[in-house]
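Let me give you the structure first, and then I'll get to my questions.
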Amino acid sequence: MCIRDRPLSEYPDIKFFVKVIASKKFAVPKLRRPADLDPFDKNVCAKIYIESLSETHALLYNKFPLVPSHVLVVTKEMESQMSLINRHDFYAALKVMKALDCLVFFNGGAAAGASQKHKHLQAIPYNSFPNHSIPLNALIEATEQSSGFVGGLKFQTIEPFKFRHVLCKFERNFLSDLSCWNIEKQAKVLENVYMECLRRLNNNGLQLAYNFILTKRWLFVVLRKCEVALNMVKINAVGFTGSFAVRSDEEYKFIRNQDPFNVLQSVTFPT
């Protein structure tokens, strides 16, 4: 895999990066398969199966990873990618976060970058980002305040983002202990946090596509109107971390001349 991280542009509180990935690695083999074949069916995905996470979820390798150790948290039984995320999904995601120092993200719908109908969350390690840190963290921490937490949670927006989104910050001890007992408790809390984010965006019925990103410090949800930014570059949840993935030097040359915030605004709904 050919991956090159290149600085895109720098703002006072955040440096955007572009991850250039050799496009040939994204080529999907032309196999004669039924059009409705589920790629995550247990009889199909044996070669990418890692382990069972719970009664409801399994961990799979991503056949077309953005970075090394890019893995999928997949429901064992078929569920729609446009169904609500529940405590069982969060429980499985937290088990992965416990084992792998990573963030978890979700592309809810084709307009948000989802390529499969079978429900799956994705996890990528922090060491895949420059300096092993999510660029967006710098922007969030720049507005960090110790006050305003209620029940260990604080809902807010990110000022430079002029599109419909919600950020929920966690007090520092909320996800610090990922023991098995706490994971069950935390999964229930995260389900409620997620539903509250959707409610604040008037999307609790999932009328609109959306992305979400989960770290140990916050959960972020953004509504999506389309997948392709400026008729050129596909954007999924990872783009909202401050790191874009492009598939060619042509896409890189295009996006490097764009304002990163305008790129994100072009695929979202204005506030």
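The values are calculated or read from the model by the stated rules, or taken from the named source; none is laboratory data. Here the structure is a predicted model, which means the values were calculated and not measured. Neighbour counts are summed over all protein chains in view; Cβ atoms, including those assigned to glycine, are modelled from backbone coordinates with ideal geometry. We work out accessible area using only protein heavy atoms, side chains counted, and drop any ligands, DNA or RNA first. Shrake-Rupley method; radii C 1.70, N 1.55, O 1.52, S 1.80 Å.
Return yes when VAL73 is within 25 Å of VAL228 (Cα to Cα) and modelled with pLDDT of 95 or more and no when it is not.
It is true that VAL73 is within 25 Å of VAL228 (Cα to Cα) and modelled with pLDDT of 95 or more.
Is there any pair with a first residue in region 43-55 that is closer than 11 Å to LYS76 by Cβ and modelled with pLDDT of 85 or more and a second that is aromatic (Phe, Trp, Tyr) and open to solvent by less than 60 Å² (accessible area, probe 1.4 Å) whose Cβ atoms are under 7 Å apart and which are 6 or more apart or on different chains, and what are they?
Qualifying pairs under 7 Å: SER54/TYR91.
When region 214-230 is examined, which residues are found to be open to solvent by less than 10 Å² (accessible area, probe 1.4 Å) and touching a residue at least 40 places away in the same chain (Cβ under 8 Å)?
LEU214, THR215, TRP218, LEU219, PHE220, VAL221, VAL222, LEU223, ARG224 - these are the residues of region 214-230 that are open to solvent by less than 10 Å² (accessible area, probe 1.4 Å) and touching a residue at least 40 places away in the same chain (Cβ under 8 Å).
I'd like the full set of residues that are open to solvent by 50 Å² or more (accessible area, probe 1.4 Å) and modelled with pLDDT of 95 or more, limited to region 189-213.
Selection gives ASN192, MET195, ARG199, ARG200, ASN202, LEU208.
Exactly one of these conditions fails for ASN131: (1) surrounded by fewer than 16 Cβ atoms within 10 Å (Cβ to Cβ); (2) touching a strand residue (DSSP E or B) at 6+ places or on another chain (Cβ under 7 Å). Give me its number.
(2)
Please find, within region 64-84, the residue that is surrounded by the fewest Cβ atoms within 10 Å (Cβ to Cβ) out of those that are in a loop (DSSP other than H, G, I, E, B) and touching a helix residue (DSSP H, G or I) at 6+ places or on another chain (Cβ under 6 Å).
PHE64
For VAL233, are the conditions met, namely being under 28 Å from PHE64 (Cβ atoms), within 20 Å of the chain's Cα centre (by Cα) and not small (Gly, Ala, Ser)?
yes
For region 205-225, which positions are over 16 Å from the mean Cα position of the chain (by Cα) and among the hydrophobic types (A, V, I, L, M, F, W, C)?
LEU206, LEU208
Please work out which residue is surrounded by the most Cβ atoms within 10 Å (Cβ to Cβ), limiting yourself to region 231-270 and to residues that are among the β-branched types (Val, Ile, Thr) and in contact with a Gly (Cβ under 9 Å, 6 or more places away or on another chain).
That would be VAL267.
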